[in-house]
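Participant: Have a look at this one.
The values are calculated or read from the model by the stated rules, or taken from the named source; none is laboratory data. Since the model is a prediction, treat every value here as computed from it, not as a measurement. Here Cβ is always computed from backbone atoms with ideal geometry, including for glycine, and neighbour counts include all displayed protein chains.
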């Protein structure tokens, strides 16, 4: 049987300080990437809310839902597709195996239509509004479910911009804290960290060879990482 899915799920980071082509890759930005990698290896994957309007998913009446729970996102895309994807989310990829995400109650997202033909969003809004009036506890559980909804494209667009990402998510759950799988960074801001062991990181994708070399010469990085596969964006084009 042909294997359709890669075993690796990759978390991409760096878009907050590197937005090419506006900010071309240079040594200053490369140092940011090395610092970010050291931070993730030491403190774990960042888990936080995204409250940007761009995350909203609309129905035919322009009502919307939005993930209101802190989460960390991963993609299941093949590394040969990494370059175009990284332009959107950052040029540092940190990969784990699928079991890492599943053991932390992670799941693939549920892709839905965004706009005039999104009957699923219409139904979800009706349930949300009903629970808001009748049962706040169950509403909280339902919001967890909604946090796995992902729009296939922009509102009323035929371009399925996000559908090819094959996204997975780990969302914040009380049981993750109870089982010691995450730490609290700032509860008031809903910021958490998914703990990492050195052996958990199986793949590292660097923006370029110089960034890779800088990272592998950094004592903080080397002291925290195990033996992951280390590649660059250019390397990924050959996968």
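Participant: Taking residue 74 as the residue in question, decide whether it is touching a residue at least 12 places away in the same chain (Cβ under 8 Å), under 25 Å from residue 195 (Cβ atoms), assigned to a loop (DSSP other than H, G, I, E, B) and in contact with a helix residue (DSSP H, G or I) (Cβ under 7 Å, 6 or more places away or on another chain).
Facilitator: No: the conditions fail for residue 74.
Participant: Still on this structure: Can you pull out every residue in region 114-133 that is in contact with a strand residue (DSSP E or B) (Cβ under 8 Å, 6 or more places away or on another chain) and either under 25 Å from residue 77 (Cα atoms) or in a helix (DSSP H, G or I) (or both)?
Facilitator: 114, 120, 121, 124, 125, 128
Participant: Name every residue in region 30-53 that is outside any helix (DSSP H, G or I) and within 13 Å of residue 182 (Cα to Cα), in order of residue number.
Facilitator: 44, 45, 46, 47, 48
Participant: For residue 38, indicate whether it is closer than 24 Å to residue 101 by Cα and out of contact with any strand residue (DSSP E or B) (no Cβ under 8 Å at 6 or more places or on another chain).
Facilitator: Criteria met by residue 38.
Participant: To continue, here is another question. Check 153, 180 and return the single one that is in contact with a helix residue (DSSP H, G or I) (Cβ under 9 Å, 6 or more places away or on another chain) and surrounded by fewer than 17 Cβ atoms within 10 Å (Cβ to Cβ).
Facilitator: Just a single option satisfies the conditions, and that option is 153.
Participant: Please find, within region 96-105, the residue that is nearest to residue 36 (Cα to Cα) out of those that are surrounded by 17 or more Cβ atoms within 10 Å (Cβ to Cβ) and in contact with a helix residue (DSSP H, G or I) (Cβ under 8 Å, 6 or more places away or on another chain).
Facilitator: Per the criteria, the residue is 96.
Participant: So, in region 190-214, how many residues would count as being surrounded by fewer than 19 Cβ atoms within 10 Å (Cβ to Cβ) and more than 18 Å from the chain's Cα centre (by Cα)?
Facilitator: The total comes to 8.
Participant: Is one or more of the residues making up region 74-95 buried (at least 16 other Cβ atoms within 10 Å of the Cβ), farther than 30 Å from residue 229 by Cα, more than 15 Å from the chain's Cα centre (by Cα) and modelled with pLDDT under 95?
Facilitator: For region 74-95, residues buried (at least 16 other Cβ atoms within 10 Å of the Cβ), farther than 30 Å from residue 229 by Cα, more than 15 Å from the chain's Cα centre (by Cα) and modelled with pLDDT under 95: absent.
Participant: Hand me the list of helices (runs of 4 or more DSSP H) wholly inside region 174-239 holding 2 or more residues that are modelled with pLDDT of 95 or more.
Facilitator: The qualifying helices (runs of 4 or more DSSP H) are 174-178, 209-216, 219-224.
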